[in-house]
Ligand SMILES: [Zn+2]
Ligand SMILES: [Zn+2]
Ligand SMILES: [Zn+2]
C-alpha cells in the first residue's frame, strides 16, 4: 500500500485536526502524568509558554513522587480545559526527538498515533478524505475548485478538479477558467499563488506517464460515468455505497440524503435527482408571509426544510453539530439545559413540528455552542461561522422580506 508507507514517513500531527488532537490528549493524560522525573518535560512546556510561570514554579517545588504525578495530571487537565487551542503546539513540543529519548512514554504515544493512522487507512470504506493533504484549492481566472490528488493522473486523464457544479480535468478547467487561447494547465492553474506544476515538482502530485495503464488513464465507460460524481457523501463526507445524482456532482449515502432513500435505489440504474437539484429547479413563490410560514407544519414545506438541513450538514465540515453533544463532549449536559443537534432535528421532521419550531431549534444549536464555548474561541467561532452561513440560507429558502 503505497499511500500507507508514505504516511508513515510524515509527521502524524499534520494529519489530524484540532479535535482529534484534543481527544488524543484527553485519552493520554493519565499515562503522561506517570512519567518519571518530568523536569525536562516541564521545562519544555514552560519555554514554549504552554504553562504559566507560577504553575511551573509550583511544580518544581514538589519533592514527593506521588504528589508530582497528581499535580502533573492536574496541570494537564488545566491545559485541556483552559488552553485547548494550544494542544497542537503541545504535541509538537513534546514530540521532539530530544524529549522523547528521555521519556519512552512520549515515544510510545507518537508511535501509537502513527499506528492509528495506518489502521484508519485500511478501513478505506469508512474514511473521510483527508482535507489538506489530498485536496488542493486551485484557481484559474474567476474559476475556483478543489483538485483531488486521488483522481489526478494528467492534464486530460482523471476528472480531478471539483468546481461548484461539476468535476473536470485540468485541461477542461483551464479552458473554462482562462481567457487566453494558449493557456496551459500546468502553468495557468494556480495553487496558493504558484503554478500547478510546482505541486508536481514537489512530488505532492504524481503525473502519470503516457504509457500508464491505470484506471484513471484508461477508464472503462462505467468508471468514466462515475468520475462525474463525488467519491464521498455530500452530507457526512465518508465513502461507501453512494447514490449519485444525475444532474449534479453530489453523491449521498441512501440514509444521509433527505428524504432518506429506499435501499433498492442502490441497484437501480434509472435517473435520480437530489434534493438540491429539485430545489434549484423549483422556483419557490411564497404565497404567504414569513410569519404565516412559521406557523405551518414542516410537512407543508418539506423541500425547503430538507434543503436547509442538508446544507447545514455539508457546511459543518468537522461534524461538530450533527450528533448528540452530551455523548461526545465531556461536561456538556451539566452546562447546557436543552441540547440540540442536527440529527435530532432531522428526526423531529417526522413529527408534529412547525417551521417556526424547526428554525428555533436550529438557532438553539448555535446559542448552546456560544454558551458552552465561552472560553474556547476556536469552537465558538465554528458555531458563529455556521450560524452566519445558516442565516443566509434561511433567508434564501423562506424568502424573508
Ligand atoms: Zn495512470
Ligand atoms: Zn453520508
Ligand atoms: Zn443533484
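Peptide packing for 369-377, 152-160 was compared via the average number of neighbouring C-beta atoms within 10 Å per residue; ordered from the highest value, the list is 152-160, 369-377. Springs between Cα atoms under 10 Å define the GNM used for the chain, and in it the highest mean-square fluctuation of 296, 328, 247 occurs at 328.
Which shape class applies to region 206-365: rounded if a/c is under 1.5, otherwise prolate when a/b exceeds b/c and oblate if not, where a ≥ b ≥ c are the square roots of the Cα gyration tensor eigenvalues? It comes out oblate by the Cα gyration axes. Taking 383, 177, 331 as the candidate residues, the one with maximal mean-square fluctuation in a Gaussian network model of the chain, Cα springs under 10 Å, is 331. Each residue, residue 65 and residue 112, gets one label point 7 Å from its Cα in the Cβ direction; the gap between the two is 2.1 nm. With a simple spin-label model that places each label point 7 Å from the Cα along the Cα-to-Cβ direction, the separation between residue 292 and residue 266 comes to 4.4 nm. Hydrodynamic estimate: the Kirkwood radius of region 242-281 over Cα pairs, inserted into Stokes-Einstein at 37 °C and 0.692 mPa s, corresponds to D of 322 µm²/s.
Fully extending the segment from residue 78 to residue 47 would add 9.4 nm, taking 0.36 nm per residue of separation and subtracting the current Cα-Cα distance.
Using only helices, what value at 222 nm comes out for the chain when you add -39,500 (n - 2.57) per DSSP H run of length 4 or more and divide by the total residues, to the nearest 500 deg cm²/dmol?
On the way: 21 runs with 194 residues, N = 401.
Calculated mean residue ellipticity at 222 nm is -14000 deg cm²/dmol.
Across all Cα atoms of region 290-398, the radius of gyration (one decimal) and Dmax (whole number) stand at 13.8, 41 Å. Here the average projected area of the convex hull drawn through the C-alpha atoms of the chain stands at 24.7 nm². Springs between alpha-carbon atoms under 10 Å, Gaussian network over the chain: tell me which of 211, 110, 363 tops the mean-square fluctuations. Among 211, 110, 363, the largest GNM mean-square fluctuation belongs to 211.
Length gained on full extension, residue 367 to residue 209, computed as 0.36 nm times the residue gap minus the Cα-Cα distance: 51.5 nm.
Bear in mind these aren't lab numbers, they're just calculated from the coordinates by the rules spelled out. Only a predicted model underlies this, so the values are computations on that prediction, with no experimental measurement involved. Backbone-built Cβ (ideal geometry, glycine too); neighbour counts: all protein chains shown.
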